[in-house]
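Computed from the coordinates by the stated procedures, all read-outs in this text should not be read as laboratory data. From a predicted model like this one, the values you see are computed outputs, not experimental measurements. Glycine gets a Cβ as well: all are built from the backbone with ideal geometry, and neighbour counts include every protein chain shown.
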């Protein structure tokens, strides 16, 4: 993994699929990943599942700066993803953890 610039927006998103919705969530997330990775300000968008608990999803995200993150949040496909995701997960939306990278 390359160094992340100090102005970058770095976050970790997580959510849990409801029983029976795991594969639908995985498919939605894969489609979103394709869209987000095409954003000019997206540096990294890496969705994963917890090996021991495949209903748990995690996404490591890095955006160039505040403007790139704002563009990401404002993208129409993100809104559609969140609307479709909401009834399929346990939580009330993605749980976000903001990260501050350590300097090298």
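Just a few scattered comments:
- Scanning the stretch 62-92 for residues that are closer than 17 Å to residue 33 by Cα and in contact with a helix residue (DSSP H, G or I) (Cβ under 8 Å, 6 or more places away or on another chain) yields 63, 72, 75, 77, 78, 81, 84, 85.
- Residues located in the stretch 49-71, provided they are surrounded by fewer than 12 Cβ atoms within 10 Å (Cβ to Cβ) and under 16 Å from residue 96 (Cβ atoms): none
- Residues in the stretch 72-97 that are outside any helix (DSSP H, G or I) and surrounded by 14 or more Cβ atoms within 10 Å (Cβ to Cβ): 75, 89, 94.
- Yes/no for residue 7 being closer than 19 Å to residue 99 by Cβ, in contact with a helix residue (DSSP H, G or I) (Cβ under 9 Å, 6 or more places away or on another chain) and loosely packed, with under 12 Cβ neighbours inside 10 Å: yes
- Members of the stretch 34-48 that are under 20 Å from residue 95 (Cα atoms) and either touching a helix residue (DSSP H, G or I) at 6+ places or on another chain (Cβ under 6 Å) or crowded, with 16+ Cβ neighbours inside 10 Å (or both): 36, 42, 44, 45, 47
- Flag if residue 68 is farther than 28 Å from residue 18 by Cβ and more than 13 Å from the chain's Cα centre (by Cα): yes
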